[in-house]
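One structure is given below, encoded as structure tokens.
The values are calculated or read from the model by the stated rules, or taken from the named source; none is laboratory data. Since we're looking at a predicted model, the values are computed, not measured. Here the Cβ positions follow ideal geometry from the backbone for every residue, glycine too, while neighbour counts run over all protein chains shown.
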Amino acid sequence: MDAIQTDAAGPVLSVRGITKRFGGVTALAGVSLELRSGEVHCLAGENGCGKSTLIKIISGVERPDAGEIIMDGETHSRMNATAAITSGVQVIYQDFSLFPNLSVAENIVLTAEVAGRQRFYRARAIRPKAQAIVEELGLDLDLDSEVGELSVADKQLTAICRALVNDARVIIMDEPTTALTHSEVARLFTVVERLRARGVALVFVSHKLEEVLAISQRVTIMRSGRVVTSGLATDFDRRSIAQHMTGAELDETRVVSPLDPDARARLTVSHLDLPGAFHDVSFTVAPGEILGVTGLLGSGRTEIAEAIFGARPAASGDILVDGLPVSIRSIPDAVAAGIGYVPEDRLSQGLFLEKSIADNIIAGSLDRHRNRWRGLDGMRIRSTISRLFASLSIKAPNAEAPVRSLSGGNAQRVVLAKWLATDPKVLLLNGPTVGVDVGSKSQILELLRKAASSGMAIVVISDDAPELVSCCHRVLVVARGRVVDVLEGDAISAESIHERMAA
Amino acid sequence: MSANESPPGAPAPGDGARFNDRVGTVTRDIIGRASANRKTGRMVVALLLAFSIFAIANPRVFLSPLNLQNIGVTAPEIGIIAIAMMLAMLTGGIDLSLVAIANLSAITVVALYSGIAANDPALAESLTLPIIVAGVLVGIGCGMLNGFLVSVVGITPILATLGTMQILNGIAIVTTGGSTLYGAPEGLTAFGRTALGPVPILFVLFIAIAVLMALFLSTTSLGRKIQLEGANPVAARYSGISSRSVLMSTYTLGGALAGIAGVLFLARNPTASADYGASYVLLVIVIAVLGGTNPNGGFASVAGVVLATLTLQIVSSGFTALRLSSYEYAIAQGVILIAVMVLDYVAANRRQRRPAIEAPPDARAASPEPTPATAQRDTEHS
């Protein structure tokens, strides 16, 4: 296969009736998909819908239980990883699988060299090959810099170049934009256009609706291991994609409780500044209020929350809790001031996975559960744990079960319980429903409303517009480290949030 | 269990129900502990096995009161250092300097005592307790140095304590000139010879310290924080736990225990030297791991460590009873360690192959996408 067929005559690769079971769970049930050269095909679906499994089957990592894979008219009942690579299927995973200690040029060429069974490494032969690819794509990549030093976006471009050196005709990208800033996404998209012109068939795996529509020609939406719908991108809009993904009408109904207009602010942040992260950030949160903070990745939204929580303290500015200034130089300072934080990376920052639910719930409030001899008060600890275990309806056989056995939604409830056990005045939550299934999502938002109604001030950092619409009294929009907009009342809608975020 | 399963807002349970809850909680606690202490149970079996093998092989020597008492007298010093090692490993670290600390504390006590006794034996006698306290304080000081290097400077524990081990060993050799010091406090050696009925007082002391440490880990805030710090340092930080103070306290406590072990060296044998117990460094690591300590941190059991100490001491004295050499004992140590690790591995595999029994109804435990999006998602701050 030398000539690449740029006319959309036949698909480069197609899969038919792929079925895959893990134990008793059916991950894929008769999935079919066609990839054409020069097209971006978006594979969308919620977490756990089976899209990752499908990619693994196409790239030969997993073998299907039934169905066939057709590459260049040849039918295979399964792929193996080497065959997939030699026939031109390349997957770019989120971690890019690069060697951080090697140069860009070496990373680009090395796998092809190894696959070509070159026994000796020839430094001189490598550079021109890498150079050719980089120039062809019109990239501004320093071939000699170490990959470990590159930005996420440049690592990704390195991975794309590596795929092309291997004569990729199908490039599958797993969540390619999650870690990129707005301008980096734009740059990626121009590269994608060039790849299309080369006749490469691209698959974008994503659950971000805007991207899906912006870049792809064809969209396939999966839910619970099945293809729900597939068609031209022009036939879909944001709402219809979301509807297919969740299987439910997008719920953007606002449920917010009225606030006491005279109440003194629980949390006041004024002129908070951290060079390189955010600048002159000021806002207040009233008792019972849920404040949304949104912005693109890299806008500074996470840094603001982490500064208030003391994880990366602000360089200047004031933080007041209940009108009293508090000095927050470390996390214990923030906890002492009554500030809690549900971090964005639940698995590594929020939870002790091997420990029990009970140990996790009590982890943040050990010092609050001491008896008069400074030992732990076992009775009170048990009652706190069983109270939160029940009131947050954590689904597990009992509180001694390890957190590792829980689903995303239940694990997030455990993190929430850990902070509710500290009885905080201010609770910051970063991406509280990321990786949580739809049902759990609305329950978690309901838990937040309940916590707020007890007088807590809640700050939700999220890029999930419907979620912000659903529970927030006000929404701050952050861009390039500054608060650029505040949406209130009826001005809060998914459309307005998206508009301001991208502006 | 019923308490946890009652939905929120269910009618308040009556007294009877509350009693049932209490009983339920207690039962669950016991079951939970039993399964958590599977490794401890394993050590009980190993202990009984070792004991019966040697009791049958050479009952005349092995079961003699002298031999049994000898086990009771030698186990405490090793056991206490092993508990200190367990503490360091519980935070995900290690403390190679413990034996060196113990020696330095023993040398301090002997040097102080014999120095004073040379001029005024009566004064030295009356100062026995302060001198012992000084020895333990030396241990605490060394532990604080370790804690400082690990928590404030941020040196990897294995390197920091390797450094202090060399420094402390060096100091010990330089101050003693490499020779053995004689002249432990009379009172201390006399204490070391006493017994509570058939049980040597040193063994009683060991058990008391072990019980205190077990209580410390389970019923104090610091003890729980030590375990959490080891289980996931990042989550500990994000839970408001100051790793600096936790590590500082852990290594200081380890130093204190090593100091006490140094005093016990003297209670058993009234001489101190820089190279005493050189083989203990690796032995206590073996004991700690055998006792169920997870070298990655977060999980350990004092009871397990006590049982592992006794098992290895029984094997050691059993080998002596069978007239086997210390080299063969070293082989046995290695074989026991690897055998137990293999058993663990087999057991863990078998447990994994069993379907997840605790999967909650909505858990997507067997989901084809094992990593929730949170794991890879926002790498925003990198």
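Residues of the stretch A:493-503 being surrounded by fewer than 23 Cβ atoms within 10 Å (Cβ to Cβ) and either part of a helix (DSSP H, G or I) or in contact with a strand residue (DSSP E or B) (Cβ under 8 Å, 6 or more places away or on another chain) (or both), which ones?
A:A494, A:E495, A:S496, A:H498, A:E499, A:R500, A:M501, A:A502, A:A503 - these are the residues of the stretch A:493-503 that are surrounded by fewer than 23 Cβ atoms within 10 Å (Cβ to Cβ) and either part of a helix (DSSP H, G or I) or in contact with a strand residue (DSSP E or B) (Cβ under 8 Å, 6 or more places away or on another chain) (or both).
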Please determine, by comparing only the residues of the stretch A:383-397 that are facing another protein chain (nearest Cβ under 8 Å) and touching a residue at least 12 places away in the same chain (Cβ under 8 Å), which one is surrounded by the most Cβ atoms within 10 Å (Cβ to Cβ).
-> A:A396
Take A:D377 and decide whether it is within 22 Å of B:R237 (Cα to Cα), surrounded by fewer than 20 Cβ atoms within 10 Å (Cβ to Cβ) and not assigned by TED's automatic domain parsing to the domain that holds A:T302.
-> no
Which ones in the stretch A:334-355 are more than 26 Å from the chain's Cα centre (by Cα) and facing chain B (nearest Cβ under 9 Å)?
-> A:A334, A:V335, A:A336
Among the residues of the stretch A:315-333, is there at least one that is within 11 Å of chain B (Cβ to nearest Cβ) and in contact (Cβ under 8 Å) with a residue 24 or more places away in the chain?
-> no
Out of (1) within 14 Å of another protein chain (Cβ to nearest Cβ); (2) in contact (Cβ under 8 Å) with a residue 60 or more places away in the chain, the one A:A286 does not meet is (1)
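Quick check on my filter: what residues within the stretch A:164-178 are more than 14 Å from every other protein chain (Cβ to nearest Cβ) and touching a residue at least 40 places away in the same chain (Cβ under 8 Å)? First the steps, then the outcome.
Looking only at the stretch A:164-178, we keep the residues that are more than 14 Å from every other protein chain (Cβ to nearest Cβ), and these are A:164-172.
Listed by number, the residues that qualify are A:V165, A:N166, A:D167, A:A168, A:R169, A:V170, A:I171, A:I172.
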Which condition number in (1) touching a Ser or Thr at 6+ places or on another chain (Cβ under 9 Å); (2) hydrophobic (A, V, I, L, M, F, W, C); (3) surrounded by fewer than 21 Cβ atoms within 10 Å (Cβ to Cβ) is the one that A:I69 fails?
-> (3)
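Tell me, which strands (runs of 3 or more DSSP E) wholly within the stretch A:43-135 include 1 or more residues that are more than 21 Å from A:D174 (Cα to Cα) and modelled with pLDDT of 85 or more?
Where strands (runs of 3 or more DSSP E) fall fully within the stretch A:43-135 and carry at least 1 residues being more than 21 Å from A:D174 (Cα to Cα) and modelled with pLDDT of 85 or more, they are A:66-71, A:74-76.
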Going through the stretch A:456-485 in order, the residues found to be free of Cβ contacts under 8 Å to residues at least 40 places away in the same chain and more than 23 Å from A:K441 (Cβ to Cβ) are A:V484, A:D485
Tell me, which residue of the stretch B:228-244 that is in contact with a Pro (Cβ under 9 Å, 6 or more places away or on another chain) and polar (S, T, N, Q) is nearest to B:A300 (Cα to Cα)?
-> B:S243
What tally of residues in the stretch B:51-90 results from selecting those that are farther than 30 Å from B:N232 by Cβ, touching a residue at least 60 places away in the same chain (Cβ under 8 Å) and touching a helix residue (DSSP H, G or I) at 6+ places or on another chain (Cβ under 8 Å)?
-> 17
Test A:A417 against the criterion of being more than 9 Å from every other protein chain (Cβ to nearest Cβ) and touching a residue at least 40 places away in the same chain (Cβ under 8 Å), and give yes or no.
-> yes
Grab the helices (runs of 4 or more DSSP H) fully contained in the stretch B:161-244, keeping just those with 1 or more residues being among the basic types (K, R) and without any contact (Cβ under 8 Å) to a residue 60 or more places away in the chain.
-> B:186-193, B:221-231, B:233-238
Determine which member of the set A:R380, A:R404 is farther than 22 Å from B:G297 by Cβ and either at the interface with another protein chain (Cβ under 9 Å from one of its Cβ atoms) or not acidic (D, E) (or both).
-> A:R380
State yes or no: is B:A274 at pLDDT 90 or above and either within 19 Å of B:A214 (Cα to Cα) or buried (at least 20 other Cβ atoms within 10 Å of the Cβ) (or both)?
-> no
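Among the residues of the stretch A:220-240, write down those that are aliphatic (A, V, I, L, M) and within 21 Å of the chain's Cα centre (by Cα).
A:I221, A:M222
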Which condition number does A:A452 fail, the rest of (1) over 30 Å from B:S218 (Cβ atoms); (2) within 12 Å of chain B (Cβ to nearest Cβ); (3) in contact with a strand residue (DSSP E or B) (Cβ under 8 Å, 6 or more places away or on another chain) being met?
-> (2)
Does the stretch A:92-111 hold any residues that are among the aliphatic types (A, V, I, L, M) and either away from chain B (no Cβ under 14 Å) or more than 20 Å from A:A201 (Cα to Cα) (or both), and which are they?
-> A:L98, A:L102, A:V104, A:A105, A:I108, A:V109, A:L110
What is the number of the single condition among (1) free of Cβ contacts under 8 Å to residues at least 24 places away in the same chain; (2) farther than 25 Å from A:R266 by Cα; (3) not hydrophobic (A, V, I, L, M, F, W, C) that A:D367 does not meet?
-> (2)
Could you list, in sequence order, all residues of the stretch A:279-299 that are within 19 Å of A:G431 (Cα to Cα) and either more than 16 Å from the chain's Cα centre (by Cα) or of a type in the set (D, E, K, R) (or both)?
-> A:V285, A:E289, A:I290, A:L291, A:G292, A:V293
Determine which single condition B:I155 fails, assuming it passes every other condition in (1) outside any helix (DSSP H, G or I); (2) in contact (Cβ under 8 Å) with a residue 12 or more places away in the chain; (3) not polar (S, T, N, Q).
-> (2)
Checking A:A201 against (1) without any contact (Cβ under 8 Å) to a residue 12 or more places away in the chain; (2) among the small types (G, A, S); (3) touching a His at 6+ places or on another chain (Cβ under 8 Å), the condition it does not meet | (1)
Considering each residue of the stretch B:218-259, count those that are within 7 Å of chain A (Cβ to nearest Cβ) and over 26 Å from B:L137 (Cα atoms), and give that number.
-> 9
Which of (1) closer than 27 Å to B:N70 by Cβ; (2) in a helix (DSSP H, G or I) is the odd one out, the single condition B:A111 does not satisfy?
-> (1)
